[in-house]
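To start, the structure under review is shown below, and the notes come after it.
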Amino acid sequence: MNESFKHESVLPDETIKHLNIKKDGKYIDCTAGGGGHSSMILSQLGKKGLLIAIDRDADAVKATIKRLEKVKTNGKYIVLKDNFLNIDKIIEENVPEGVDGILMDLGVSSHQLDRAERGFSYHEDAPLDMRMDTEETKTAYQVVNNYTKEKLALVIGRYGEEKYAGRIASAIIHKRKETPIKTTTELAEIIKAAYPPKDRFKGKHPARKTFQALRIEVNKELEILEKAVTKAANLLKPEGRLAVISFHSLEDRIVKVAFSTLEKPCICPPYFPVCVCKRVSRHKIISKKPILPTSEEIDNNRRSRSSKLRIIECIKT
Ligand SMILES: C[S@@+](CC[C@H](N)C(=O)[O-])C[C@H]1O[C@@H](n2cnc3c(N)ncnc32)[C@H](O)[C@@H]1O
């Protein structure tokens with residue numbers, strides 16, 4: 001592991017096994033993070049093999065370059081700072097013949113959470129930022145201080161699945177009338193106080209769900225995922241595989257729905273007695289049920305506890 005970038009890869013063996021790495025294959029790691037999965041892919045590549053590792057976070061790109069430099073391999077690699085929403089452009093420019101495997105390991109890295117100044121964590125005081133790509137303009141500060149009460153409640157309710165979204169939105173609006181809400185701990189305290197006393201001190205921290213929601217909103221995580229999963233699956237070569245690791249039900253639902261739409265591409269209205277669109281599926285779901293971490297992995301890496309791996313393959317015609 002890189003000394004300055006802490007992130008333990010989740011479901012490492014299961015992911016690599018199901019990507020069916022071929023020595024001469026071309027692979028894309030859409031979420032390079034600390035370069036953990038990338039280094040495992042690269043180590044299996046031969047002379048004609050290629051790995052393209054992407055991350056929208058400049059720190060992750062630096063960490064991945066450092067990590068991949070140390071991998072014993074004959075394979076080639078490219079590390080790009082980009083958004084995986086642009087996967088079609090990236091493939092067209094670098095591997096126009098298509099790819100044999102694509103990986104998306106969603107969410108934030110431990111590094112992003114641990115670096116207080118990035119503003120992802122409610123445990124440490126920092127400016128409200130939460131941008132994965134610090135070149136983007138929208139920060140959590142803007143969401144918290146500029147959104148209407150209705151929009152805030154919607155974001156917190158939808159992306160945080162927070163039952164007290166309305167109360168929290170009202171508390172934020174009330175507080176920011178006095179002065180803008182500037183830091184993570186300030187916001188965490190407002191959320192805590194908005195929670196009814198009976199739930200304030202039990203279970204997980206009251207700010208956990210709201211912080212998840214804000215992070216998803218700032219980084220447009222679900223909008224991007226929805227578009228990118230289908231795009232990525234359609235860029236695979238025959239027998240190529242797309243593996244997606246998700247960390248919460250909102251992400252997993254998007255992946256599950258996208259995979260089943262790809263497998264059954266019929267677009268006839270549900271009341272049609274027979275299919276008339278005659279669209280042919282090019283994909284087969286490999287993981288009928290999501291692959292979960294073993295209890296041993298969960299004991300060693302708490303972050304893996306909510307992970308789910310799904311895989312889809314492009315059919316050989
Ligand atoms: C869970 S970490 C990946 C860890 C990595 N698999 C490893 O083994 O070290 C998720 C990474 O995805 C990146 N990311 C999230 N959404 C992205 C997007 N739309 N485009 C590119 N990178 C993204 C984040 O910046 C973060 O570094």
Going residue by residue through the range 205-217, is there one that turns out to be charged (D, E, K, R) and either within 16 Å of the ligand (Cβ to nearest atom) or not assigned by TED's automatic domain parsing to the domain that holds ASN146 (or both)? yes
Just to verify a result, which residue in the range 113-131, among those that are surrounded by fewer than 18 Cβ atoms within 10 Å (Cβ to Cβ) and part of a helix (DSSP H, G or I), is nearest to the chain's Cα centre (by Cα)? ASP114
If you go through THR139, THR148, the only one that is of a type outside the set (A, V, I, L, M) and touching a residue at least 40 places away in the same chain (Cβ under 8 Å) is THR139
VAL244 vs. criteria hydrophobic (A, V, I, L, M, F, W, C) and surrounded by 22 or more Cβ atoms within 10 Å (Cβ to Cβ): yes
Of all residues in the range 1-38, which are more than 11 Å from the ligand (Cβ to nearest atom) and of a type in the set (Lys, Arg)? LYS17, LYS22, LYS23, LYS26
In the range 144-215, which helices (runs of 4 or more DSSP H) lie fully inside it and hold 2 or more residues that are closer than 15 Å to PHE120 by Cβ? 149-160, 184-194
Would you point out the residue of the range 75-112, among those that are part of a loop (DSSP other than H, G, I, E, B) and more than 8 Å from the ligand (Cβ to nearest atom), that is surrounded by the most Cβ atoms within 10 Å (Cβ to Cβ)? GLY75
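The values are calculated or read from the model by the stated rules, or taken from the named source; none is laboratory data. What you see is a predicted model, and the numbers here were worked out from it, not measured in a lab. Heads up, the Cβs are rebuilt from the backbone with ideal geometry, glycines too, and the neighbour counts pull from every protein chain shown.
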